[in-house]
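Peer 1: Have a look at this one.
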């Protein structure tokens, strides 16, 4: 080949302008550092060489092979959530329910038995029912306050725990349930959204240093803090469990975006301050609600007469944490229509699901269809999710709505 026909060793000096926009001849230097980590948005990830590409391993702690599996931004958030909850490994999912679903699909097979608290998060129970219909997975309910109601057979594979329980906020006998599950070699999975890694450590929550196997957390709530990001996490200290979850995570094509991860990273430094403030406001509100004649019960784990109060003290006594939720049970003489009118009359409290954001929320529930073995609740329940407004303003708002209900 004549020299004039030989291709140039490097073509980068003479490429066209349109190509230069994609392959610039100058690269900004690395090494810049600020308070917040950089946001990486990527589907394609470049490899330095074919050798580097072939040496990649999905089991690596930081597998930079495809944006779906992780970027520096998403791994940075995962590391922070693992630290928050006292775990070793963390995997992120697009929502709390997505994380719950991934756990169920990873560890439950046809013929397995799974145990659920009677006050379980409703969508998780609906998912398990679907798994039963499609794959023959059996489920049984237990009373979270009574360990004897948890009666696993040799087919039992997994027990879901909630502390505190959904809507009615009973704090379970977490120590007793975990001990019994461990004795039967049953996987323990805790929905830790209420505790958020702050009320107690899911991997060391007793004088005996008891630990659950996996902690699932809806980062949508307190870690986000802004009511504008959906995300979930799965944290464990056991590499074997982590790799099992990671494999399902990859096969199901589950991933999160860098921008959502960055929003939660930005909010995490203030999570303890926000949690403490919402906790304190909620306790003040619970005390005030307890003095109102129209309520048959005020449900909050820190109240001395609350279901599971002793178990809450046992697990959360060091931190004294109790989150920002309180529920009230209206006396039976108040109809659903009246309670709905009360909720509609509130001005600062907005009608909406979730919690952990700056705006206080309210939601009415009819418990008859939600509970099967727990004590019967007569009357309509209303759950308050306390935001960051001044507590006196929130009390005034409830007071004016009650006045309209009673006149």
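Peer 1: Quick check on my filter: what residues within the range 221-243 are part of a helix (DSSP H, G or I) and over 19 Å from residue 192 (Cβ atoms)?
Peer 2: Selection gives 239, 240, 243.
Peer 1: Return the only residue of 312, 288 being under 18 Å from residue 119 (Cβ atoms) and surrounded by 14 or more Cβ atoms within 10 Å (Cβ to Cβ).
Peer 2: The unique qualifying residue is 312.
Peer 1: Are any of the residues in the range 176-192 surrounded by 23 or more Cβ atoms within 10 Å (Cβ to Cβ), assigned to a loop (DSSP other than H, G, I, E, B) and within 22 Å of the chain's Cα centre (by Cα)?
Peer 2: For the range 176-192, residues surrounded by 23 or more Cβ atoms within 10 Å (Cβ to Cβ), assigned to a loop (DSSP other than H, G, I, E, B) and within 22 Å of the chain's Cα centre (by Cα): present.
Peer 1: Which one is surrounded by the most Cβ atoms within 10 Å (Cβ to Cβ) among residues in the range 382-407 that are in contact with a helix residue (DSSP H, G or I) (Cβ under 6 Å, 6 or more places away or on another chain) and either modelled with pLDDT of 95 or more or on the phi > 0 side of the Ramachandran plot (or both)?
Peer 2: 386
Peer 1: Is it the case that residue 360 is within 22 Å of residue 199 (Cβ to Cβ), crowded, with 21+ Cβ neighbours inside 10 Å, at pLDDT 95 or above and in contact with a strand residue (DSSP E or B) (Cβ under 6 Å, 6 or more places away or on another chain)?
Peer 2: It is false that residue 360 is within 22 Å of residue 199 (Cβ to Cβ), crowded, with 21+ Cβ neighbours inside 10 Å, at pLDDT 95 or above and in contact with a strand residue (DSSP E or B) (Cβ under 6 Å, 6 or more places away or on another chain).
Peer 1: Let me ask you something else. Which residue is nearest to the chain's Cα centre (by Cα), if the candidates are limited to the range 128-175 and must be surrounded by fewer than 17 Cβ atoms within 10 Å (Cβ to Cβ) and in a loop (DSSP other than H, G, I, E, B)?
Peer 2: Residue satisfying both the conditions and the ranking: 146.
Peer 1: Right, another one. When the residues of the range 244-253 are narrowed to those that are surrounded by 14 or more Cβ atoms within 10 Å (Cβ to Cβ) and out of contact with any strand residue (DSSP E or B) (no Cβ under 9 Å at 6 or more places or on another chain), which ends up nearest to residue 197 (Cα to Cα)?
Peer 2: This residue is 244.
Peer 1: For the range 59-108, enumerate the residues that are under 24 Å from residue 157 (Cβ atoms) and at pLDDT below 95.
Peer 2: 59
Peer 1: Being free of Cβ contacts under 8 Å to residues at least 60 places away in the same chain, under 18 Å from residue 246 (Cα atoms) and outside any helix (DSSP H, G or I) is the requirement here; does residue 61 meet it?
Peer 2: Answer is yes for this residue.
Peer 1: I've got another one for you. Would you point out which residue out of 351, 329, 299 is surrounded by fewer than 19 Cβ atoms within 10 Å (Cβ to Cβ) and assigned by TED's automatic domain parsing to the domain that holds residue 388?
Peer 2: 351
Peer 1: A follow-up question, please. Every residue in the range 375-394 that is closer than 13 Å to residue 362 by Cα and outside any loop (DSSP other than H, G, I, E, B), please.
Peer 2: Hits for the range 375-394 are 381, 382, 383, 384, 385, 394.
Peer 1: Would you tally the residues in the range 83-123 being closer than 19 Å to residue 141 by Cβ and in a strand (DSSP E or B)?
Peer 2: 5
The values are calculated or read from the model by the stated rules, or taken from the named source; none is laboratory data. Since the structure is predicted, the reported quantities are computational estimates derived from the model, not experimental observations. Quick reminder, even Gly has a Cβ in these numbers, built from the backbone with ideal geometry, and neighbours come from all protein chains shown.
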